[in-house]
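Some notes on the structure that comes next.
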Amino acid sequence: MKQTFLAAAAAALLSFGAAQAQEVGVTATEILLGEVQPMSGPASLIGKAGAAGSKLAIAEINAAGGINGRKLRAIYEDDGYVPSRSVSAVKKLIDSDKVFALTGTTGSSHMVAMLPTIEEAKIPTIVHMAPNPAIVNPRRPTVFMIGPDYDLAGYVPMRYMVDKLAMKGGKFGILYQDDDFGKALLAGYQKAMKEFGLASVAEIPFKRGAKDFSAEVLTLKDKGVTGVYLGTLTTESAAVMSEFRRLDMKVTIATLWAGQLPAAVKLAAPAGYPYLIPDYYASNYDPAGQQLMELAKKHLSADDYANFNRYTVSGYVGTKVLAEGIKRCGAAVTRACVVDQLNKLQNFGTAGLTGPISFNNPKAQAVLPIKLFQTDPASATVKSLTDFIAY
Amino acid sequence: MRSRTYKTDVAQLVALSDHRAPWLWAAAALALLALAPLVLGAFGLNLLITIFVLSIGVLGLNLLSGVAGQISLGHAGFLLIGAYAQAILTTDYKLPGLLALLLAGAVAALASLVVGVPSLRLKGLYLAITTLAFTFIVRHVVLFAEGLTRGSNGMPVEALSVAGFSFKGDQRFYYAALVMLVLAVLATLNLMRTRIGRAWLAVRDHDIAARAMGIDLMRTKLLAFMVSAFYTGVAGALVAAQTRFINVDTFSVLVSIEALAMVIVGGMGRVHGAILGTALIVLLPETLNLAFGAAGDGVKTLMADRIYEVKGLMYGVVILLFLRLEPEGLAGIWRKVKRFWVQWPLSQ
């Protein structure tokens with residue numbers, strides 16, 4: 001009897017010790033994740049889609065029994081796309097909600113604002129929505145970034161214009177936002193100009209928040225531009241294309257990945273230009289994207305499903321990558337172990353949603369191959385022109 | 001039961017409070033706040049820091065709109081100027097944090113002349129639109145002055161330091177923000193009893209009558225703008241030192257509207273109202289989170305997809321309810337509660 005009691009006491013002590021040693025955000029049955037996303041305001045189009053992707057990955061993983069017996073759960077914090085609120089939100093997730101890891105981290109300047117808090121907490125973090133080079137330069141030991149540098153977004157479509165659209169003799173121009181992001185696009189564009197000996201006749205910067213591009217478009221027309229790169233976002237791209245149409249310009253247009261958002265495609269459709277879009281995530285119209293949408297129909301609410309776009313793919317992939325890191329740790333899930341496993345990640349497959357993902361490089365940045373898409377204004381859809389290609 | 005006292009000399013007349021009780025309550029509140037870092041985590045502290053810092057700006061806006069009667073929708077602009085001044089002075093010019101903080105307030109105060117001068121001829125909605133335009137102008141200037149502000153890339157900000165002591169980290173910065181708020185409250189309470197403070201009240205109540213009584217309207221209004229902008233500039237500098245990174249997105253026009261909501265919900269013209277209003281607006285989203293959490297899984301599931309819209313709606317509803325049911329705001333409720341307590345058992 002005495003022996004039984006002692007054994008029970010020892011077992012109780014051991015289990016107490018194990019519970020005490022449990023990592024923050026990890027229980028015997030659950031692992032808690034956190035995301036900071038713009039869920040309200042104009043950027044909610046991005047945040048809600050990103051969160052839907054994360055919810056989808058979590059639902060899929062949990063439906064299959066979770067990770068080594070533990071279910072995933074995530075808390076989504078809204079930052080309204082305001083950097084100071086991002087900082088407050090990430091502090092809440094880490095300090096109050098006590099999440100184990102972060103899987104979604106809003107826009108680039110917001111992420112830069114959150115970095116000191118993330119570094120201090122040494123929390124595993126996957127950045128998959130805004131691959132700002134400043135995030136991984138210098139390397140932050142617990143931060144992993146999915147996505148190529150912005151300059152490839154400027155390079156790939158210009159190269160395609162030369163290689164496949166026989167535009168080597170054309171006149172080229174670019175509209176770019178006058179900041180680091182825009183300058184990276186310009187660098188990619190200029191690289192293509194130099195590499196293929198192309199004539200760049202107009203490189204026009206614009207200020208963030210600009211709405212009226214009539215003067216810029218007039219300059220492009222005056223310079224006789226036949227191929228143009230728009231470093232603009234959704235509504236701005238539509239406004240520029242509408243100006244092109246008003247001036248009846250015959251021009252081949254390329255823009256960056258945000259151009260494949262269904263809302264952007266629909267906004268630009270009336271202008272009638274089938275524009276080129278480079279992206280490192282599959283589109284809604286790719287077989288892999290379609291398959292994911294089927295899965296989304298099964299696991300997500302109607303509202304979340306309605307938000308589906310490339311950022312849903314982004315959120316899904318980001319969470320799946322983190323889940324892989326957790327899975328490789330087995331039963332003993334700790335932040336240090338997950339960071340270690342993510343550091344070793346090589347050629348992680350996402351069933352055609354992206355190219356293979358590897359973090360085993362000095363920056364821990366998965367520089368993904370890029371696929372080129374083109375819009376069809378008549379049906380307001382997107383078709384793929386190439387497969388994922390590494391440049 | 002406490003009774004009101006008759007003032008028999010000038011010292012009694014100019015005393016901040018005619019009873020010892022308010023001082024004791026204030027000391028108790030300060031002691032509690034001083035102990036808060038021992039029990040609160042980073043998030044709780046961050047919320048309190050936000051309340052302290054924004055309260056300083058709202059005290060400034062309250063002086064302008066609540067005390068001097070000059071409506072402003074441009075305080076996001078002053079906040080932005082203060083934040084960028086702090087960032088530039090500490091990061092690029094390596095100035096000591098406290099000096100930079102005061103200079104940030106001074107820069108905002110100088111910039112306020114841009115809207116202060118038109119305010120001499122404008123009133124009400126016209127003044128509101130002018131001040132709103134000021135915010136747009138400031139945002140554009142920041143975006144275009146890339147050499148100084150790094151444009152839309154934003155700026156890193158050095159941690160606040162005074163005489164070599166760094167306020168890096170939530171706990172240290174918490175005390176810095178608390179001290180700044182206490183200083184701002186004391187300065188405001190004293191300012192409101194000075195000649196200029198009483199002149200602001202006179203201008204608010206009837207500017208023509210005030211002029212007839214010998215108040216220099218130009219000087220009074222300009223001073224109101226400058227003092228208010230100084231407070232807001234200092235608040236902006238503290239926002240920058242708190243987040244350690246700024247860009248124009250942090251200071252949208254909505255910030256000015258929120259600040260005005262804080263003044264209205266708190267109670268126009270009341271110092272404690274400004275702090276209570278700020279606390280309510282800052283804590284409202286967290287309170288709603290708790291309320292939805294406590295409502296159970298059913299409500300949570302029902303709200304899962306609409307929670308952010310519902311929160312935005314509730315935010316508006318609370319402000320509307322205050323305007324409709326308690327126009328004097330939280331300061332009015334505070335006054336009623338206090339009167340009930342002081343006059344008990346004779347209170348009605």
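Values quoted throughout were computed directly from the atomic coordinates according to the rules given, and no laboratory measurement underlies them. Just so it is clear, the model here is predicted, and its values are computed rather than measured. Using ideal geometry, Cβ is built from the backbone for each residue, glycine included, and neighbour counts are taken over all protein chains shown.
For a quick check: with amide H placed at 1.01 Å from N, whose amide H comes under 5 Å from residue A:128's, ignoring anything fewer than 5 positions away on the same chain?
Result for residue A:128 returns A:105, A:146.
What is the log10 of I(q)/I(0) for the range A:61-136, computed with the Debye formula using one identical point scatterer on each Cα and no solvent, at q = 0.22 Å⁻¹?
-0.98
List the trypsin sites (Lys or Arg not before Pro) within the range A:164-226 that DSSP assigns to loop and that have no more than 14 neighbouring Cβ atoms inside 10 Å.
On the way: sites: A:164, A:168, A:171, A:183, A:191, A:194, A:207, A:208, A:211, A:221, A:223; in loops: A:164, A:168, A:207, A:208, A:211, A:223.
Taking the range A:164-226 and a limit of 14 other Cβ atoms within 10 Å, the loop trypsin sites (Lys or Arg not before Pro) found are A:164, A:168, A:211.
Please turn the phi angles of the range A:144-157 into ³J(HN,Hα) values with the Karplus equation 6.51 cos²θ - 1.76 cosθ + 1.60 (θ = phi - 60°), one per residue in order, whole Hz, x for glycine and proline.
10, 10, 9, x, x, 5, 4, 4, 5, 5, x, 7, 4, x
For a distance above 16 Å, tell me the whole-number percent of Cα pairs in the range B:1-101 that qualify.
Values: 3820 of 5050 pairs.
It works out to 76 percent of all Cα pairs.
So what does the Cα-only Debye profile of the range A:187-283 read at q = 0.20, 0.23, 0.25 Å⁻¹, as log10 I(q)/I(0), no solvent term?
Calculated log10 I(q)/I(0) at the listed q: -1.06, -1.36, -1.52.
Using the number of other C-beta atoms within 10 angstrom as an exposure proxy, rank A:149, A:79 with the fewest first.
By the 10 Å Cβ count, ascending: A:149, A:79.
In the range A:308-360, which trypsin sites (Lys or Arg not before Pro) are in a loop and have at most 12 other Cβ atoms within 10 Å, using DSSP for the loop call? The partial results should precede the final answer.
Numbers: sites: A:310, A:320, A:327, A:328, A:335, A:344; in loops: A:328.
Sparse-neighbourhood loop trypsin sites (Lys or Arg not before Pro): none present.
From the P(r) of the range A:69-213, could you give the percentage of C-alpha pairs in the tail past 21 Å?
On the way: 5681 of 10440 pairs.
Percent of Cα pairs beyond 21 Å in the range A:69-213: 54.
For chain A, what does the relative contact order come out to in percent, with C-alpha contacts under 8 Å and a separation of six or more?
Values: 805 pairs, mean separation 70.5, N = 391.
Reported as a whole number, the value is 18 percent.
Once the other residues with Cβ under 14 Å from the Cβ of residue B:279 are scored (Lys, Arg +1; Asp, Glu -1), what is the net sum?
-1
Over all directions, average the projected area of the Cα convex hull of the range A:231-304 and note it in nm².
The number I arrive at for the range A:231-304 is 5.7 nm².
Label residue A:378 and residue A:250 with points 7 Å out from Cα along Cα→Cβ: what is the distance between them in nm?
Placing both labels 7 Å along Cα→Cβ, they lie 1.9 nm apart.
Can you tell me the dipole magnitude for the protein assembly as shown around its Cα centre, using point charges on the Cβ only (Lys, Arg +1; Asp, Glu -1), in Debye to the nearest 20?
On the way: 68 positive and 51 negative charges, 253 e Å.
About 1220 debye.
Given springs between every Cα pair under 10 Å in a Gaussian network model of chain A, which of A:22, A:37, A:341 has the largest fluctuation?
Answer for the Gaussian network model of chain A: A:22.
Based on C-alpha coordinates, I'd like the Rg and Dmax of chain A, in Å.
23.0, 97
I'd like the Karplus ³J(HN,Hα) series for the range B:193-200: coefficients 6.51, -1.76, 1.60, θ = phi - 60°, whole numbers in Hz, and an x wherever there's a Gly or Pro.
Whole-Hz 3J(HN,Hα) from phi for the range B:193-200: 9, 7, 4, 5, x, 6, 5, 4.
If amide H atoms are built 1.01 Å from N in the plane of the peptide, which residues on other chains or at least 5 residues away come under 5 Å of the amide H of residue A:30?
For residue A:30, the qualifying residues are A:71.
Over the alpha carbons of the range A:264-320, what is the largest minus smallest coordinate on each principal axis, giving the biggest first in Å?
Reported extents, whole Å, longest axis first: 36, 24, 17.
How large is the convex hull of the Cα atoms of the range B:182-333 per residue, expressed in Å³ as a whole number? Numbers along the way, then the final one.
Numbers: hull volume 23.7 nm³, N = 152.
Spread over its residues, the Cα hull of the range B:182-333 gives 156 Å³ apiece.
Report, by chain and number, residues whose modeled amide H sits under 5 Å from the one on residue A:382, excluding near sequence neighbours (fewer than 5 apart, same chain).
For residue A:382, whose amide H was placed from the backbone, the distant partners under 5 Å are A:376.
Any idea what the relative contact order of the range B:38-343 is, in percent, if you count C-alpha pairs under 8 Å spaced at least 6 apart?
Details: 476 pairs, mean separation 97.6, N = 306.
Computed value for the range B:38-343: 32 percent relative contact order.
For the range A:241-348, go through all pairs of different Cα atoms, get the mean of 1/r, take its inverse, and jot down that Kirkwood value in Å. Provide the component values of the computation, followed by the final result.
On the way: mean 1/r = 0.0599 Å⁻¹.
This gives a value of 16.7 Å.
Could you estimate the translational diffusion coefficient of the range B:126-179 from the Stokes-Einstein equation, with Rh from the Kirkwood formula over C-alpha pairs, at 20 °C and 1.002 mPa s, in whole µm²/s? Can you show the working numbers first?
Values: Rh = 14.0 Å.
Reported coefficient: 153 µm²/s.
Divide, for the range B:1-51, the radius of gyration over alpha carbons by 2.2 N^0.38 Å, where N is the residue count. Could you put the intermediate results ahead of the total?
Values: Rg = 17.0 Å, N = 51, 2.2 N^0.38 = 9.8 Å.
That ratio works out to 1.73.
Across bins of 10 angstrom width beginning at 0, how are the C-alpha pair distances of the protein assembly as shown distributed, in whole percent?
Bins of 10 Å from zero give 3, 13, 21, 23, 19, 12, 6, 3, 1, 0 percent of pairs.
Treat the count of other C-beta atoms within 10 Å as a stand-in for reagent exposure and order B:344, B:334, A:257 from fewest to most. Show your work: numbers first, answer last.
On the way: B:344 10, B:334 17, A:257 22.
Least to most surrounded, the residues fall as B:344, B:334, A:257.
Give the Rg/Rh ratio for the range B:140-268, taking Rg as the radius of gyration of the Cα atoms and Rh as the Kirkwood radius, to two decimals.
Working: Rg = 18.3 Å, Rh = 17.5 Å.
When Rh is taken as the Kirkwood radius, the ratio is 1.05.
Hey, could you grab the Kirkwood Rh for the range B:107-157? Inverse mean 1/r over distinct alpha carbon pairs, Å, one decimal. The partial results should precede the final answer.
Numbers: mean 1/r = 0.0817 Å⁻¹.
Its Kirkwood hydrodynamic radius stands at 12.2 Å.
Filter the cross-link list A:122/A:320; A:55/A:98; A:48/A:383; A:171/A:383; A:55/A:344 down to pairs whose alpha-carbon distance in this structure exceeds 22 Å. Let's see the in-between values first.
Values: A:122/A:320 20 Å; A:55/A:98 19 Å; A:48/A:383 24 Å; A:171/A:383 26 Å; A:55/A:344 25 Å.
Long pairs (Cα-Cα over 22 Å): A:48/A:383; A:171/A:383; A:55/A:344.
Specify which residue in the list B:111, A:220, A:182 is farthest towards the positive end of the charge dipole of the protein assembly as shown, using unit charges on the beta carbon of Lys, Arg (+1) and Asp, Glu (-1), about the Cα centre.
Sorting the options by dipole projection puts first B:111.
Which value, in Å to one decimal place, does the Kirkwood hydrodynamic radius take for the range B:38-343 when every pair of different Cα atoms is included? Working shown, then result.
On the way: mean 1/r = 0.0498 Å⁻¹.
Computed over the range B:38-343, the radius equals 20.1 Å.
In whole Hz and in residue order, list the ³J(HN,Hα) couplings for the range A:321-330 that follow from phi through the Karplus curve 6.51 cos²θ - 1.76 cosθ + 1.60, θ = phi - 60°; x for Gly and Pro.
5, 5, 4, 5, x, 5, 4, 5, 7, x
Sorting check: for B:48-60, A:123-135, B:26-38, B:179-191, which peptide has the highest mean count of neighbouring beta carbons within 10 Å, and how do the rest follow? Mind showing how you got there, number by number?
On the way: B:48-60: 27.1, A:123-135: 24.2, B:26-38: 11.8, B:179-191: 16.5.
Going by the mean number of other Cβ atoms within 10 Å, highest first, we get B:48-60, A:123-135, B:179-191, B:26-38.
Note the per residue figure in Å³ for the convex hull of the C-alpha positions in the range A:160-219. Please list the in-between numbers first.
Working: hull volume 5.2 nm³, N = 60.
Output value, Cα hull per residue: 86 Å³.
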